[in-house]
Amino acid sequence: MSRYIIEGGHRLQGSVCIQGAKNSALPILAACVVGCGEHVIRNCPQLSDVDATVEILRHIGCKVRRDADCIAVDSTNVTAGSIPDLLMHEMRSSVIFLGAIAARIGDAQLSLPGGCEIGLRPIDLHLDALRKLGAVITEEGGRIHLSCPDGLHGATVALSFPSVGATENVLIAACTAKGTTTLINAAREPEISDLADFLNRCGAHISGAGEGIITVEGVRKLHAAEHCVIPDRIAAGSYMIAAAVTRGDVFVENIIPAHLGPMVGLFESFGCRIDMEGRRMHLRAPKRLKAVPAIRTMPYPGFPTDMQAPFMTACAVAEGTGVIVETVFESRFRHVPELLKLGADIFVDGRTAVIKGVPVLNGAVVGASDLRGGFALIAGGLAAQGETTVHSLRHTDRGYHALDTNLRNLGARIRRINDDEEKDEKEYRAGSAGFAE
Ligand code: UD1
């Protein structure tokens, strides 16, 4: 199993440039299916979830070329509307292809994504919304079959919860539907606005993205376009946590400061000094963080659920007691038992965690069970005294490009060992007592 080995206790200093947003890149790549021609998407992060999306695009007939962060998707020929189970299981958010394939060829088949490591993840809101737009959807044996016998048409769709994925599916599907779609209680995340910007570049008529009501006036067809993905606010927040728990002094470059709004006040409450300079943020952490008032995860512009686990690590080393309430996902505390192994003092009751800060964490062997929880453990390892091993890097590989390189550039002592490097590791252990860069 791939793992990181971290020698903790080193202060992070320097600057880190933030990758493109995973949660923008994935729906934008899926949306390339709707407009015919060669799209060019820049600033796509190099992540395993992006690899899986590219595999799906190729499977359904698109030609895809990749050059580092730039992905060209030629969607002239979309020949298949069916996504194999293996590719669906690779990445839960492949459900975002439903709206795109429905709009383009009117017939899609894929397996139900089911639960995942952060709890049940139903897609009822996606399916109900697409039905309102005229899709006929049947579910059998864990597979969904979507067809559009009369094409898609505009409709008023009200979401009972502002689901990010359901909002994206509706936007993508409604672009070329006949008539006007009004989406009520839409998700307002910056990634929704980025997707809408891309679709509008392709010729769509979307207004109100980023607000609770979005209007889509259907057009006959979309064309190809170029787009640059926004910076990843969750990756930015994660590096800020790494700096905060190591008494760090770090510049986070290439961000959109407004997107970090829900987090900045909390960093200040922790006692960090934050200065904004254009598209970069300077974070200076105190010797010891102070506990923050209760944190409650909420849809944007509230505090993001994706930052809940990393913030828990900061609470774990802060002076005083903090409370975190997870309201978005039903089971997103699987990092807690692993943080306990590092010496954290955390009590969980349902969706509430009470974190009593300890003066010091101690290195241990821990395993990631989801993407952001994995980062929380890495941050814990950076803060801890001694050596921490974090297993199951397939989770963090889904969301952080060049994580160990970036952290090393900031002064962290972190090494990655891949499956095939067991032998090298044994030799290294035998021949050296120190920590190799
Ligand atoms: C997206 C993000 C994920 C983030 C989440 C919330 C991507 C690829 N992923 O996930 O990183 O944590 O937003 O900000 O963008 N729900 C239903 N029925 C549905 C859809 C959702 O009950 O049909 C529930 C979910 O179970 C969950 C809540 O709504 O409890 C939020 O889900 P949603 O906003 O849809 O998240 P995702 O789009 O899956």
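Since every read-out is calculated from the coordinates, none of them should be taken as a lab result. Remember, predicted model here, so these are calculated numbers, not experimental data. For neighbour counting, all protein chains shown are included, and Cβ atoms are generated from backbone atoms with ideal geometry for every residue, glycine included.
Worth a mention:
- If R0 is taken as 22 Å, the Cβ-Cβ distance between residue 147 and residue 207 corresponds to a FRET efficiency of 0.15.
- Using the average count of surrounding beta-carbon atoms within 10 Å as a protection proxy, the listed peptides 324-333, 137-146, 379-388 rank, highest first, as 379-388, 324-333, 137-146.
- Charge tally in the Cβ shell below 15 Å around residue 303, where Lys, Arg are +1 and Asp, Glu are -1, residue 303 excluded: +2
- Share, in percent, of DSSP beta bridges within the stretch 22-228 that are antiparallel, nearest 5: 75
- Pairs of lysines in the chain whose Cα atoms sit within less than 20 Å of one another amount to 6, provided the residues are eight or more positions apart or on different chains.
- Packing, as the average of other Cβ atoms within 10 Å across residues, places the peptides 335-346, 240-251 in the order 240-251, 335-346, highest first.
- Between residue 345 and residue 79, full extension at 0.36 nm per residue minus the direct alpha carbon distance yields a gain of 90.4 nm.
- Cα shape, the stretch 22-228, gyration tensor, a/c 1.5 rule: rounded
- Within the shell of other residues whose beta carbon sits under 12 angstrom from the beta carbon of residue 319, the net charge comes to +4, with Lys and Arg scored +1 and Asp and Glu -1.
- Spread of Cα-to-Cα distances over 10 Å intervals beginning at zero, given as percent, for the chain: 5, 22, 30, 24, 14, 5, 0, 0
- Packing-based exposure ordering (other Cβ within 10 Å, fewest first) of 295, 213, 5: 213, 5, 295
- Gain upon complete extension [residue 416, residue 387; 0.36 nm per residue less C-alpha separation]: 9.1 nm
- Using the Cβ-Cβ distance between residue 352 and residue 219 with R0 set to 35 Å, the FRET efficiency works out to roughly 0.15.
- The stretch 51-103 and the stretch 193-256: distance between their alpha carbon centers, rounded to Å: 20
- When the chain is treated as a GNM with alpha-carbon contacts under 10 Å, the residue of 309, 353, 235 showing the greatest mean-square fluctuation is 353.
- Sum of side-chain charges, residue 287 neighbourhood, beta-carbon under 13 Å (Lys, Arg +1; Asp, Glu -1): +4
- Helix-only [θ]222 nm of the chain, DSSP H runs n ≥ 4, -39500 (n - 2.57) each, per residue, nearest 500: -9000 deg cm²/dmol
- Long hydrophobic helices in the chain, taken as whole DSSP H segments with a C-alpha length of 18 Å or more on their own axis and mean Kyte-Doolittle hydropathy at least -1.0: 371-383.
- Take each peptide in 26-32, 52-58, 149-155, count the other Cβ atoms within 10 Å of every residue, and average; sorted highest first, the result is 26-32, 52-58, 149-155.
- About the Cα centre, charge dipole magnitude for the stretch 278-337 (Lys/Arg +1, Asp/Glu -1 at Cβ), debye: 400
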